[in-house]
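Since the structure comes first, as structure tokens, the remarks are kept for the end.
The values are calculated or read from the model by the stated rules, or taken from the named source; none is laboratory data. Quick caveat: nothing in here was measured; it's all calculated off a predicted structure. Neighbour counts run over all protein chains shown; Cβ positions are idealised from the backbone, glycine included.
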Amino acid sequence: MKGSDVMATEAVELGHVPQSWTRRHLLGLEELTAEEITLILDKAVVFKRLMAEGRKKLQLLAGKTCVTLFFEDSTRTRTSFMLAARRLGADTLDFSASTSSLSKGETLVDTAKNIEAMGVDVVVMRHRTPGTPQLLAQNLACSVVNAGDGPHEHPTQGLLDIMTIRERRGSLQGLTVALVGDIAHSRTARSNIWGLKKLGAHVIVCGPSTLVSPRWAEVGVEYSYSLDDILPRVDVLNLLRIQFERQFSRPFPSVREYAHLYAMNSERLARTKHDILILAPGPINRGVEVTPDVADGSHSAILEQVTNGVAVRMAVLWLLTGNRK
């Protein structure tokens with residue numbers, strides 16, 4: 001191991017959060033600087049290395065307590081956060097909204113304050129209403145992590161996507177990254193856009209005109225309604241799920257038509273760059289956004305994203321709470 005790697009590993013093991021990190025919450029990537037995003041990614045790399053070495057039970061957050069407060073269904077994100085907290089040595093609590101006092105009329109803020117009063121250090125929250133994690137951050141002394149607020153942001157998903165690209169390509173500077181699918185309702189798309197742009201990538205949003213607004217051009221994002229038109233110049237494709245649960249009307253005639261126009265299949269893959277990288281935040285709908293042969297092929301990094309998700313969330317929890325008494 002190189003000397004610099006040893007120093008980076010020791011810095012994590014000793015629990016010293018860099019003085020350059022001053023944030024108490026992680027609510028979105030739009031508010032972070034390129035330097036802050038890079039710091040999270042660099043620390044995630046160290047945590048991933050430690051896990052690969054078999055060191056899956058660190059004590060950096062021993063004595064800390066992490067609560068997952070989810071008001072929407074989740075498999076990967078909730079499990080990933082709880083696993084990340086436990087691997088750092090923290091205690092975890094999974095809060096069930098359906099059996100809480102919220103069903104008796106208690107406000108969300110009062111419920112959160114009661115949970116915090118039990119000695120909680122960080123609340124990881126998912127909610128269908130944009131801005132809800134911000135509301136908690138304004139009313140709690142503990143750290144708040146946004147695990148997805150409606151169609152607004154999903155910062156750790158954006159970070160793990162970017163980490164995966166950086167691992168495969170070395171740098172994001174000058175890359176062309178296309179986000180394909182339901183841009184209108186995707187919190188993942190928004191976090192990716194802010195993070196990718198700050199690290200020097202060119203971003204294209206692509207999908208049906210009912211789901212892709214030309215107003216993205218106002219913030220320097222290219223838009224396209226044709227996947228076939230942009231394929232030859234794209235370095236990375238991030239295939240987003242169609243979020244029917246957030247839609248009040250059908251944005252296209254049929255799933256079959258959507259798949260015909262936007263699904264990544266072997267025929268389209270043959271027209272891309274030889275080193276194209278395929279991502280999908282999940283859950284993937286095989287045959288809709290991507291065909292099985294592409295999802296499981298050599299260009300796909302879908303399972304790497306899941307692995308990187310644990311490392312990213314370990315880095316976030318450590319940075320937010322590692323130096324707090």
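Among the residues of the stretch 220-227, is any surrounded by 16 or more Cβ atoms within 10 Å (Cβ to Cβ), of a type outside the set (Ser, Thr, Tyr) and closer than 19 Å to Thr188 by Cβ? Yes, the stretch 220-227 has at least one match. From the list Ala112, Ala189, the one residue that fits, being more than 23 Å from Ile302 (Cα to Cα) and in a helix (DSSP H, G or I), is Ala112.
Residue-wise test of (1) out of contact with any Asp or Glu (no Cβ under 8 Å at 6 or more places or on another chain); (2) of a type in the set (S, T, N, Q); (3) closer than 18 Å to Gly309 by Cα.
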residue	(1), (2), (3)
Thr77	yes, yes, yes
Ala84	yes, no, yes
Ala90	no, no, yes
Arg126	no, no, yes
Thr129	no, yes, no
Ser143	no, yes, no
Asn146	no, yes, yes
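Sort out which residues of the stretch 191-226 are of a type in the set (A, V, I, L, M, F, W, C) and more than 25 Å from Glu167 (Cα to Cα), and write them in order of number. Matches in the stretch 191-226: Leu211, Val212, Trp216, Ala217, Val219. Here Gly119, Gly148, Gly63, Gly131 are screened, and the one residue that is surrounded by 17 or more Cβ atoms within 10 Å (Cβ to Cβ) and on the phi > 0 side of the Ramachandran plot is Gly148. Looking at the stretch 206-325, the strands (runs of 3 or more DSSP E) lying wholly inside it that each contain 1 or more residues that are within 30 Å of Leu61 (Cβ to Cβ) and at pLDDT 95 or above sit at 277-279. Close contacts from the stretch 168-195, counting a first residue that is closer than 16 Å to Pro281 by Cα and without any contact (Cβ under 8 Å) to a residue 60 or more places away in the chain and a second that is among the polar types (S, T, N, Q) and surrounded by fewer than 24 Cβ atoms within 10 Å (Cβ to Cβ), with Cβ to Cβ under 7 Å and a gap of 6+ residues or different chains, come to Ser186/Gln243.
Yes/no matrix, rows are residues, columns are (1) without any contact (Cβ under 8 Å) to a residue 60 or more places away in the chain; (2) more than 21 Å from Lys48 (Cα to Cα); (3) exposed (fewer than 14 other Cβ atoms within 10 Å of the Cβ):
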{"position": "Met264", "(1), (2), (3)": "no, yes, no"}
{"position": "Leu269", "(1), (2), (3)": "yes, yes, no"}
{"position": "Pro281", "(1), (2), (3)": "no, no, no"}
{"position": "Ile284", "(1), (2), (3)": "yes, yes, no"}
{"position": "Gly287", "(1), (2), (3)": "yes, yes, no"}
{"position": "Pro292", "(1), (2), (3)": "yes, yes, yes"}
{"position": "Asp296", "(1), (2), (3)": "yes, yes, yes"}
{"position": "Leu317", "(1), (2), (3)": "no, no, no"}
{"position": "Gly322", "(1), (2), (3)": "no, no, no"}
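Checking each residue in the stretch 139-176 for being in contact with a strand residue (DSSP E or B) (Cβ under 8 Å, 6 or more places away or on another chain) and of a type in the set (D, E, K, R) picks out Asp149, Glu153, Asp161, Arg168, Arg169.
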